[in-house]
Amino acid sequence: MSPRPSLVPALLSAVLFAYSLSGCSTPDTTEEEPEAAIPVAVAPVTLGPIAAAYRGTTSIEAPAEATVVAKLSGVIQTLLVEEGQSVQAGTVLARLDDERLRLEAQRARSRHAQLAAEFERNKKVYRQRLISSEIYDRSRFELEGAKAALELAELSLREAQIRAPIDGVISARHVKLGNTVLVNEPLFRITDLGHLEAALHVPERAIHKLSVGQAASLSVDAWPEQGFSGQVRRISPVVDPATGTVKVTLGLDNPQHRLLPGMFGRLQVQYDYRDQAVLIPKDAVLIEDAQASVFVVRDGQAWRKPILLGYSNGLHYEVTSGLEAGQQVVTTGRASLKDGVAVEIVDDEA
């Protein structure tokens, strides 16, 4: 026998009431927890020196370099120098076989002495009007010819000794003992390592920053822990139409001869210097749409701040507006930050 219809609504109401009571007793688990602080590394804004410099790469050249050639044909009888040896202008580098030249010089010397004696006799006789002017003039001309022949013979004898035309270092030897050489054949190359140069090709828009006498510095891979100094020596008065650049030549100091022609180096020419600049690490700077900014940490929160940048070097930027010394800027963890977010400062080396 089924229950009476009038009892069904009453039962449903009782069940719903009991369910609502049980739901009210369940604890609320939807309450939001506070966001965790974002770990960041920071660096202080400091005051310090910074230099503005034009930087570029270059190869080192030797402006004073000479190829020593043979002025006479002959056989190399003596070699007196080797590659790497320092020499001075006038140093004898090698000698040719000069036996024939010495004999020719001796013959020219004897001929000159003979004609000189004849001329002296003729001169005395001519003063006494005992010989004609034609005889006197002929003896004088013969003496002058013998003098020139003697000088040529002595010059050839001297040229049999191969001498250094400049101070420097023997950078190449092209001959061996006993070789037969011809006139104008290269024998040695001498390079002055004490005075080297390097060229920078500077865009014309930057040439106004450079002037003769400005200090320069150079680094090379061969001596990574040593810097080399120099200065701007020459600035070309024309712009290369093909590249739009101006050639700037720098002189380099090389007292220990550690720099060598052909080495590749990195140059920088300092054109301005500031002693008390506001400095921040390069890692702290964000640049978006040509606007530079940093995140400044204040009271445990990060705040984005626009800044204006000045000079830069390998590690730091100069800040000309927007920051003061003593503030802290975020260097690591910037990508996760937004204005007002809580941050936890951690050691950057951790």
Cβ-Cβ FRET estimate between F141 and D283, R0 fixed at 51 Å, reported to 0.05 = 0.05
Round to the nearest 10 and report in Å² the accessible area of K247, as given by a 1.4 Å probe over the protein chains' heavy atoms.
-> 100
Say each of D97 and A36 gets a label point 7 Å from the Cα, pointing the same way as Cα to Cβ; how far apart are those two points in nm?
-> 9.2
Given a cut-off of 31 Å, name the pairs among K282/K338; K124/K147; K71/K124; K247/K305 whose C-alpha atoms lie farther apart than that in the structure shown.
-> K71/K124; K247/K305
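If you take the alpha carbon radius of gyration of segment 202-274 and divide it by 2.2 N^0.38 Å, what ratio comes out, to two decimals? Intermediate values should be presented prior to the final figure.
On the way: Rg = 13.4 Å, N = 73, 2.2 N^0.38 = 11.2 Å.
Ratio of Rg to 2.2 N^0.38 Å for segment 202-274: 1.20.
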Segment 293-325 and segment 217-233: distance between their alpha carbon centers, rounded to Å | 32
Segment 102-168 and segment 43-96 have their Cα centres apart by a whole-number Å value of 43
Most mobile of D283, D221, D137 per a Gaussian network model of the chain (Cα springs, under 10 Å)?
-> D137
Measure nothing but the geometry: give the 0 to 90° angle between the long axis through the Cα atoms of 99-127 and the longest principal axis through the Cα atoms of the chain, rounded to 10°.
-> 50
Provide the gained length on full extension for the span L47 to V238, in nm with one decimal, where the gain is 0.36 nm per separating residue minus the Cα-Cα distance.
-> 64.7 nm
Treat every Asp and Glu Cβ in segment 255-345 as -1 and every Lys and Arg Cβ as +1, leave all other atoms uncharged, and give the resulting dipole magnitude about the Cα centre to the nearest 20 debye.
-> 280
Potential extension, R304-R163 segment - 0.36 nm per residue separation minus Cα distance | 43.6 nm
Hey, got the dipole for segment 29-142? About the Cα centre, +1 on K and R Cβ, -1 on D and E Cβ, debye to the nearest 20?
-> 2560
Overall form of the chain per C-alpha gyration tensor (a/c, 1.5; a/b vs b/c) | prolate
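Size of the dipole of the chain about the Cα centre, Lys and Arg at +1 and Asp and Glu at -1 on the beta carbon, nothing else charged, in debye to 20? Walk me through the numbers on the way to the answer.
Details: 36 positive and 44 negative charges, 545 e Å.
For this selection, approximately 2620 debye.
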Taking the Cα atoms only, what angle lies between the long axis of helix 133-159 and the longest principal axis of the chain, rounded to 10 degrees?
-> 40
What FRET efficiency comes out for the pair S73/A148, r = Cβ-Cβ distance, R0 = 22 Å, nearest 0.05?
-> 0.50
Selected from R129, R95, R205 as most flexible by GNM, with the chain as the system and alpha-carbon contacts under 10 Å = R129
Using a 10 angstrom cutoff on alpha carbons, build the Gaussian network for the chain and name the most mobile of P203, P281, P241.
-> P241
At a 1.4 Å probe, what is the % contribution of carbon and sulfur to the accessible area of the chain?
-> 52
Report, in deg cm²/dmol and to the nearest 500, the calculated mean residue ellipticity at 222 nm for the chain, where each DSSP H run with n ≥ 4 adds -39500 (n - 2.57) and the sum is divided by the residue count.
-> -7500 deg cm²/dmol
Evaluate E = 1/(1 + (r/R0)^6) for L260 and K176, where r is the Cβ-Cβ distance and R0 equals 30 Å; express this FRET efficiency to the nearest 0.05.
-> 0.75
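The values are calculated or read from the model by the stated rules, or taken from the named source; none is laboratory data. Keep in mind the model is a prediction, meaning the values are calculated, not measured. Quick reminder, even Gly has a Cβ in these numbers, built from the backbone with ideal geometry, and neighbours come from all protein chains shown. Only protein heavy atoms, including side chains, enter the accessible area calculation; ligands, DNA and RNA are left aside. Shrake-Rupley method; radii C 1.70, N 1.55, O 1.52, S 1.80 Å.
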